[in-house]
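Okay, structure first, notes after.
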Amino acid sequence: MTEESGRKSKLQPASAERSESGSDLQMEPKLMLDLAHKAAELIVGRIEGLSEEDAWEGEFKQELENLLLRDPPENARSAIEVLEQAAREILPNASRLDHPRCFAFIPTSPTWPGILADFMAAGYNINACTWLVASGPSQLELTVIDWLRQWLGYPNGAGGLLTSGGSAASVNALVVAREEAGHPERATVYMADQSHSAHVRAARIIGIRSEGIRVIPSDEYFRIDMEALVRTVADDRGKGFSPIAICANAGTSSTGAIDPLDSMADFCESEGIWLHVDAAYGGFAVVTEAGKKLLRGIERADSVGLDAHKWFFQPYEAGGLLVKDVRTLERAFAVRHDILQDTIWGANHPNISDYGLQLSRSFRALKIWMSVQTFGMVAFRHAISRGMELATRAGEYVSKSPILELLTPVSLGIVCFRVNPTDTELGEEALEKINRAVLAHLFWDNRALMSSTSLGKRFSLRLCILNHTTTWDDVRETLEAIVQFGKEAVTKEE
């Protein structure tokens, strides 16, 4: 009998080794450890083999329905069979966002300590809701939030909480903005046409009517047009509207563009309007010297949202919201319930559930803390800087290519470009057709995964380089493939 078959023989259905407690939902410790070991083997094996796989794998709905749409079983199955089915039929059918050649959307490549932290937090059954329920996790979250505060340059008295992501952070921020403004009836919220859809959704959730959601055009660099913003706010005040919040971008998802944060802060201070900065993608660049310069002015915002599950290499979900004055969160969200009266320990023992929309909360801080403790900030700064350096290098490659055209300045880790040979004169319709064909060709016939964006009326290919395992060879070979596919598409079009 081989070692593997011997292991499998021990991994019997859970009911075969039921705990002496008599619960049908418990397992014996030996079986639990064997299953955990098997799960770890599967995950580590996947990570080790990533570079040999494609960055995307998926299946059509009908195929997955045929495979997975089943009634739940009445009786126990072999636990090892369940694990292996998940690893074989379910989990692989997804974008491999941690693949070194995954350049689509805003990918992430989580650290192993971060992955283990989620496992441990689930195993310890932590609900990071109140100090009474989770004092250690609460203090660790406050510690991680204080790290973020310092990195952003926020003053003492600032604070916040970890959220599921940028969408929840945006909702929380706009709730606070509304409450600080006195909850006016004809409230308006402002954002650039490059802003994430989460801002529109957040505005709707807090009760802003469609006529109160203002989308401001962007300039030639895809930053908010300040003149248009000032003019729109003045017009709205003249019509009896009450501006309550302006959403700035610190790294748009489309181009990585950074709005003029200092100018926006000046304007918001003069007008008494809440300034929220969406730094979900780009915010963690502040831990580097180059990023700190690019994001100058972010420390003046009333609130900042940022996602550690993007450019701080953590598993989902690990968003966050920081506010300049933590008391604004408490004023907006703290509600006393009879059933929670025993959780009030006093001012020095805060309940983080008083800072946002969630009561039951997962222990998100552990993965950030464990990752930083394991690798140190030097490693994180290097990994983030490397992403920016690779993007700059990719931009230089595109600029020198007679086949490719750089469409926007490289910003943070994003490069926007297209196939547009210098020796041809192609209209926008033909160029879009060619570049869509190139993107499809890359999707089906290359290991890399890319996405696209629209820059005004121009269709753009888009590289987002964030993965700490990505090398220049990964980037260069992807660009070389695009050049080759582009030449073929241009020939067909001609």
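The values are calculated or read from the model by the stated rules, or taken from the named source; none is laboratory data. Since the model is a prediction, treat every value here as computed from it, not as a measurement. Neighbour counts run over all protein chains shown; Cβ positions are idealised from the backbone, glycine included. Please note that ligands, DNA and RNA were not included when accessible areas were found on the heavy atoms of the full protein model with its side chains. Shrake-Rupley method; radii C 1.70, N 1.55, O 1.52, S 1.80 Å.
Side notes on the structure shown:
- All of SER360, SER454 fail the test of being within 24 Å of the chain's Cα centre (by Cα), in a strand (DSSP E or B) and small (Gly, Ala, Ser), apart from SER454.
- Subset of the stretch 354-405 [open to solvent by 20 Å² or more (accessible area, probe 1.4 Å), within 27 Å of ASP98 (Cα to Cα) and hydroxyl-bearing (Ser, Thr, Tyr)]: SER362, THR374, SER385, THR392, TYR397
- Which numbered condition LEU329 fails, given (1) open to solvent by 10 Å² or more (accessible area, probe 1.4 Å); (2) more than 21 Å from the chain's Cα centre (by Cα); (3) of a type outside the set (Ser, Thr, Tyr): (1)
- If you go through the stretch 174-197 and keep only what is within 19 Å of LEU357 (Cβ to Cβ), buried (at least 21 other Cβ atoms within 10 Å of the Cβ) and within 17 Å of the chain's Cα centre (by Cα), you end up with just HIS196.
- Residue check for THR469: out of contact with any strand residue (DSSP E or B) (no Cβ under 7 Å at 6 or more places or on another chain) and either surrounded by fewer than 23 Cβ atoms within 10 Å (Cβ to Cβ) or at pLDDT 95 or above (or both): yes
- Hey, TYR316 surrounded by 23 or more Cβ atoms within 10 Å (Cβ to Cβ) and in contact (Cβ under 8 Å) with a residue 12 or more places away in the chain or not: no
- Test: residue in the stretch 310-331 that is at pLDDT below 95 and outside any helix (DSSP H, G or I): no
- Some residue of the stretch 75-95 being hydrophobic (A, V, I, L, M, F, W, C), within 28 Å of GLY413 (Cα to Cα), open to solvent by 50 Å² or more (accessible area, probe 1.4 Å) and under 26 Å from the mean Cα position of the chain (by Cα): yes
- Within the stretch 332-353, the set of residues being crowded, with 17+ Cβ neighbours inside 10 Å and either of a type outside the set (A, V, I, L, M) or in a loop (DSSP other than H, G, I, E, B) (or both) comprises PHE333, THR343, PRO350, ASN351, SER353.
- Residues that are within 28 Å of SER109 (Cβ to Cβ) and in contact with a strand residue (DSSP E or B) (Cβ under 8 Å, 6 or more places away or on another chain) within the stretch 50-78 comprise ASP54, ALA55, TRP56, listed in sequence order.
- Hey, LEU116 surrounded by fewer than 21 Cβ atoms within 10 Å (Cβ to Cβ), free of Cβ contacts under 8 Å to residues at least 24 places away in the same chain and within 20 Å of PHE313 (Cα to Cα) or not: no
- Lone unmet requirement of (1) more than 18 Å from TRP369 (Cβ to Cβ); (2) open to solvent by less than 10 Å² (accessible area, probe 1.4 Å); (3) of a type in the set (A, V, I, L, M, F, W, C) for VAL171: (2)
- Flag for PRO421 being part of a loop (DSSP other than H, G, I, E, B), open to solvent by 50 Å² or more (accessible area, probe 1.4 Å), modelled with pLDDT of 95 or more and not hydrophobic (A, V, I, L, M, F, W, C): no
- Note on the stretch 239-278: among residues that are buried (at least 24 other Cβ atoms within 10 Å of the Cβ) and without any contact (Cβ under 8 Å) to a residue 40 or more places away in the chain, the one that is nearest to ALA228 (Cα to Cα) is LEU275.
- Within the stretch 149-168, restricting attention to residues that are surrounded by 24 or more Cβ atoms within 10 Å (Cβ to Cβ) and either free of Cβ contacts under 8 Å to residues at least 24 places away in the same chain or under 21 Å from HIS349 (Cβ atoms) (or both), the residue that is nearest to the chain's Cα centre (by Cα) is LEU162.
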